[in-house]
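Asks: Before I ask anything, let me first share the structure, which is written out below as structure tokens.
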Amino acid sequence: MSAPPSGDRPAATTGFVEVADRVFVARYRQWDVNVGLVLGRHGAVVIDTRASGIQGSQVLDDIRRLGRDIEVRHVVNTHVHFDHTFGNTAFETAIVHAHDNVGRTIDADAERIKAAFRADPGDGPEYGYTARDAAEVMATVVRGPDRTFGSNATIDLGDRVVTMTYAGRGHTDGDVAVLVPDTDAMFLGDLVEESAHPSFGDDCWPLEWADTLTSHLVQAEDRTVVVPGHGHPVDGAFVARQRDEIAVVAAVIRERRLGAASLTEALNAPDPRLPYPLDHLDSAIRRGWDHLSPPTP
């Protein structure tokens with residue numbers, strides 16, 4: 001689950017808005033999540049599907065408002081988390097694509113999030129969801145990917161292609177970038193966020209995240225529209241700034257882990273270099289602690 005937006009509550013649903021040639025984004029209030037849509041001669045690709053079967057059906061309704069002849073033939077999940085995958089079940093005739101690690105972990109991750117909602121099934125106003133939304137999450141029969149890939153894959157829409165690229169671990173171990181090369185549009189999922197700080201959860205890889213973003217930025221031009229998992233579309237300069245902030249977090253974690261600091265000290269000691277509040281970095285520090293070994297005496 002991503003962090004709540006900084007300051008404002010999640011945005012209301014606006015429907016699909018064209019951000020590049022036949023590339024659309026819809027931003028939904030629950031979990032302030034973005035859904036992408038790419039149109040081609042041979043059908044459409046949906047990028048991420050929201051947090052439940054009912055919410056996925058609402059995405060389909062919004063697509064039909066654009067044109068009833070749009071046929072969604074493919075779905076791409078940018079990563080494993082429920083707010084990007086549980087709507088898959090609504091796209092019955094589409095092929096669902098994701099990284100190999102999503103296929104490997106989606107069932108366990110789904111049970112983890114359902115258990116979290118069973119323990120706390122009430123409203124989550126800071127995330128824009130209600131108890132009814134939580135119940136719909138718990139009731140969703142999870143559909144995993146039909147096709148997975150290791151490093152890259154391509155979807156052919158006849159007059160254009162959509163490429164999917166894995167460049168390493170970051171927000172999770174299965175984040176992919178989705179690129180529409182002919183129009184310089186890129187979807188980065190939760191590798192980048194605009195409406196909140198980057199989400200360092202219990203399955204993040206804080207020491208590798210910046211390098212992963214650097215690899216994806218090689219594909220971006222100055223004019224590239226980058227759609228984050230949450231928030232307004234951004235540009236490559238925004239992604240580079242957030243990459244640099246994540247690199248600072250990694251550097252501080254390495255310094256503390258390989259130095260004389262204890263985990264308790266690392267979790268609580270302020271540092272003016274850190275771009276995000278310490279309480280937002282708890283999981284990042286703990287994960288980095290586990291991923292690094294201190295120097296041998």
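The values are calculated or read from the model by the stated rules, or taken from the named source; none is laboratory data. Quick caveat: nothing in here was measured; it's all calculated off a predicted structure. No Cβ is skipped: glycine too gets one built from the backbone with ideal geometry, and neighbour counts run over all protein chains shown. These accessible areas exclude ligands, DNA and RNA; they are computed on the full protein's heavy atoms, side chains included. Shrake-Rupley method; radii C 1.70, N 1.55, O 1.52, S 1.80 Å.
Asks: Any chance the stretch 252-260 includes a residue that's at pLDDT 95 or above and hydrophobic (A, V, I, L, M, F, W, C)?
Replies: Yes, the stretch 252-260 contains a residue that is at pLDDT 95 or above and hydrophobic (A, V, I, L, M, F, W, C).
Asks: If the requirement is being over 25 Å from the mean Cα position of the chain (by Cα) and either touching a residue at least 40 places away in the same chain (Cβ under 8 Å) or open to solvent by 60 Å² or more (accessible area, probe 1.4 Å) (or both), which of these qualifies: SER262, SER293, SER283, SER215?
Replies: SER293
Asks: With the condition kept exactly as written, say whether any residue in the stretch 171-178 is outside any loop (DSSP other than H, G, I, E, B) and either surrounded by 14 or more Cβ atoms within 10 Å (Cβ to Cβ) or not small (Gly, Ala, Ser) (or both).
Replies: yes
Asks: Just name the residue that is farthest from THR224 (Cα to Cα) out of those in the stretch 240-259 that are open to solvent by 40 Å² or more (accessible area, probe 1.4 Å) and not aliphatic (A, V, I, L, M).
Replies: So the residue we want is GLY259.
Asks: Kindly provide the set of residues from the stretch 120-161 that are touching a residue at least 60 places away in the same chain (Cβ under 8 Å) and under 29 Å from ALA247 (Cα atoms), ordered by number.
Replies: GLU126, TYR127, listed by residue number.
Yes/no per residue for (1) open to solvent by less than 70 Å² (accessible area, probe 1.4 Å); (2) farther than 24 Å from ASP32 by Cβ; (3) assigned to a loop (DSSP other than H, G, I, E, B):
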site: ARG223; (1), (2), (3): no, yes, yes
site: ALA237; (1), (2), (3): yes, no, no
site: LEU267; (1), (2), (3): yes, yes, no
site: PRO275; (1), (2), (3): yes, no, yes
site: ARG287; (1), (2), (3): yes, no, no
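Asks: Looking at VAL161, is it over 24 Å from ASP83 (Cβ atoms) and open to solvent by 30 Å² or more (accessible area, probe 1.4 Å)?
Replies: yes
Asks: Filter the stretch 83-139 for residues that are out of contact with any helix residue (DSSP H, G or I) (no Cβ under 9 Å at 6 or more places or on another chain), farther than 23 Å from GLY174 by Cβ and assigned to a helix (DSSP H, G or I); which is most open to solvent (accessible area, probe 1.4 Å)?
Replies: The extreme case among them is ARG132.
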